[in-house]
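Before any comments, here is the structure.
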Amino acid sequence: MTKFTEEDIILRKVEHSFNKGVVKYRLIEDDDRILVGLSGGKDSLALLELLAIRSKIIKPRFSVVAVHIVMTNIPYKSDMQYLKDFCEQHGVEFVEYRTSFDASSDSRKSPCFLCSWNRRKALFTVAKEYGCNKIALGHHRDDIIQTMLMNITFQGAFSTMPPMLKMRKFDMAIIRPMCLVNESDLIDMAKVRDYRKQVKNCPYEHQSNRSQMKRILAELEKLNPEARYSLWNSMSNVQEELLPGKI
C-alpha cells in the first residue's frame, strides 16, 4: 500500500480543486498560450506551478509564459533571480516588464485602483507581444468571495471576479484557474514547497478594504463553518422572485 507524505496529500488536494475548476468552467483549450501574472506571492507561484504541471498532460495542449510587472514608483522589491529560477525549474518562459503610474493623476481613484489598473494594462501589452490569448491570474476562492462582499457593500452590486472573463475589446480572456482552491490550502502548499516570501512594502496597502473583508469572512465562518461554500453557491442560486426586482 502506497504511503503518501504530508506534501503529497497537500499537493493532491490543491491539484484536485485546481483541475476541477479548470474543467468545470472550461478555462483551457487546445493551443492556448497562457500568460501568468507572476507577482512573486504564494498564489501566483502556486498558479504557475500548477499550470506547468497541467501543461505536460496530453490534452488539452497549451503553453505558459510568466510575466513579472515591476511598478517602478512603488518600493515593492521582488527577488527577480528567484522568480527567473522558479520559472526555469518549471520550464516556463520568464518576462520582466517595467512600468509606473502617477497617483496624483486622478484624485477620484485610490492609488490601489490606479496601480491595479496599470498592472492590468501591462498584462494585456505583454500578452499581445508574446502571442498569448489568455491571461491567468492567481485569485483563489477566498478572493472571489471577498470581492463579492466588497461589491455588495460598496457598490450595491451582486458581482465578483468570474472564473473566465472574455475581453472582446482585446480579443483575449482572463482566467482564474484557482477559483475553487481555498487560500488555506495554498498556504499549506507554499509551506511544503518552501516558496520564498517576497518583501512587500507598499505604502498604499493600508488603504485597501480587502483585509477587512477577509476578517469579516472569518467571522462568518465562526457562525457557520460552511459559510464560504454557502456564499459561493449563492452566486449560482439567485432566487429573483424573492428579491425586490427592477423598477
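Any read-out appearing in this document is the output of simple, stated calculations on the displayed coordinates, not a laboratory observation. Predicted model only: the values in this text are computed from it and were never measured. Neighbour counts are summed over all protein chains in view; Cβ atoms, including those assigned to glycine, are modelled from backbone coordinates with ideal geometry.
Points worth noting:
- Label-to-label distance, residue 171 versus residue 187, with points set 7 angstrom from Cα along the beta-carbon direction: 4.4 nm.
- Orientation-averaged projected area, Cα convex hull of segment 1-51 (nm²): 4.9 nm²
- In nm, spacing of pseudo-spin labels at residue 246 and residue 215 (7 Å Cα→C-beta vector): 3.8 nm
- Taking GluC sites (Glu not before Pro) across segment 1-99, the ones in a DSSP loop with at most 16 further Cβ atoms lying within 10 angstrom of their Cβ are 29.
- Taking amide H positions as modeled 1.01 Å from N, with prolines and chain starts lacking one, the residues under 5 Å from residue 65 and 5 or more places away or on another chain are 34, 35, 36.
- Projecting label points 7 angstrom from Cα along Cα→Cβ for residue 96 and residue 117 puts them 2.8 nm apart.
- Other residues with beta-carbon under 15 Å from the beta-carbon of residue 33 carry, at +1 per Lys or Arg and -1 per Asp or Glu, a net charge of -3.
- The coefficient of translational diffusion for segment 43-105, derived via Stokes-Einstein from the alpha carbon Kirkwood radius under 25 °C and 0.890 mPa s, stands at 185 µm²/s.
- Within the chain, helix-based [θ] at 222 nm, where runs of 4 or more DSSP H residues each add -39,500 (n - 2.57), nearest 500: -13500 deg cm²/dmol
- Entries in 56/214; 24/197; 24/134; 24/222; 42/222; 42/214 that, when Cα-Cα distance is taken, lie over 27 Å: 56/214; 24/197; 24/222
- Inverting the pair-averaged 1/r between distinct Cα atoms of the chain gives 19.5 Å as its Kirkwood hydrodynamic radius.
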